[in-house]
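Worksheet: the structure to be examined is printed underneath.
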Amino acid sequence: MGRTKALIEIDGVAMASIVATALRDAGCVNVVAYGGNPVELEPLGMPVLPDLHPGSGPLGGVLGVLEVFAGADHDVGGVFVVACDLPALTGADLAGIVESARAHPDADVVVARTSAIEPTCGLWNPLATGRLRRFFDEGERALHAAIAHLTSVEVDIDPAALRNINTPDDLGRYS
């Protein structure tokens, strides 16, 4: 995209702010941005935490978030990790994931599903951190591959809510 996705605006609102609002509407109290330049992301008005595993893909990102929040209170029963480039996502879209996580407290992850799992939209059980660390240390970087070896629950989400922005053409859908 040639610029920081989190700050790309849809109808005057940064995509990361849209996702943050969806998370808050789903019951999350502590919403942060993970990775990226804190000075550049300051306009988002939320804490920006450093990436503990830079350049290591989505699995490294989820692992890092879980490591950061390892002993914290979890307001929705776990740690929600959601990509910043989902401008159609709402709290209502995430509500089913929260409900399912409460119904399945032993699951390692409750993950969104459209035609396949959407690994960058999931509510993680902090107890899964050790298993994710093992996959990571063994060289795995694909989040979906790690999820395949964990106890997961899939929740159907409207595919339109999870259309991400990767190209200028994708962004054009929201103009």
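Laboratory data are not the source of any read-out in this text; all were calculated from the coordinates shown. Note that the structure is predicted; figures quoted are calculated from it, not measured. Cβ sites come from the backbone with ideal geometry, for glycine too, and all protein chains shown count toward neighbours.
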Ser115 versus Thr167: modelled label distance in nm, points set 7 Å from Cα along the beta carbon direction: 1.6
Restricting the stretch 1-106 to trypsin sites (Lys or Arg not before Pro) in coil, as DSSP defines it, with at most 16 other Cβ within 10 Å: Arg3
Spin-label pair Glu40/Asp106, simplified geometry with 7 Å Cα→Cβ offset, distance in nm: 4.4
For the stretch 146-152, 3J(HN,Hα) per residue [Karplus equation, 6.51 cos²θ - 1.76 cosθ + 1.60, θ = phi - 60°, Hz, x = Gly/Pro]: 5, 4, 4, 9, 10, 7, 10
Under 5 Å, built H, 5+ apart or other chain: amide partners of Tyr34: Leu49
Local net charge near Glu154, Cβ-Cβ under 13 Å (Lys/Arg +1, Asp/Glu -1): -2
For the chain, alpha-carbon Rg relative to the globular expectation (2.2 N^0.38 Å, N residues): 0.97
Segments 9-20, 121-132, 136-147 sorted - mean Cβ within 10 Å per residue, highest first: 121-132, 9-20, 136-147
For the chain, with +1 on Lys and Arg beta carbons and -1 on Asp and Glu, the positive-most of Val81, Val98, Ala14 along the dipole: Val81
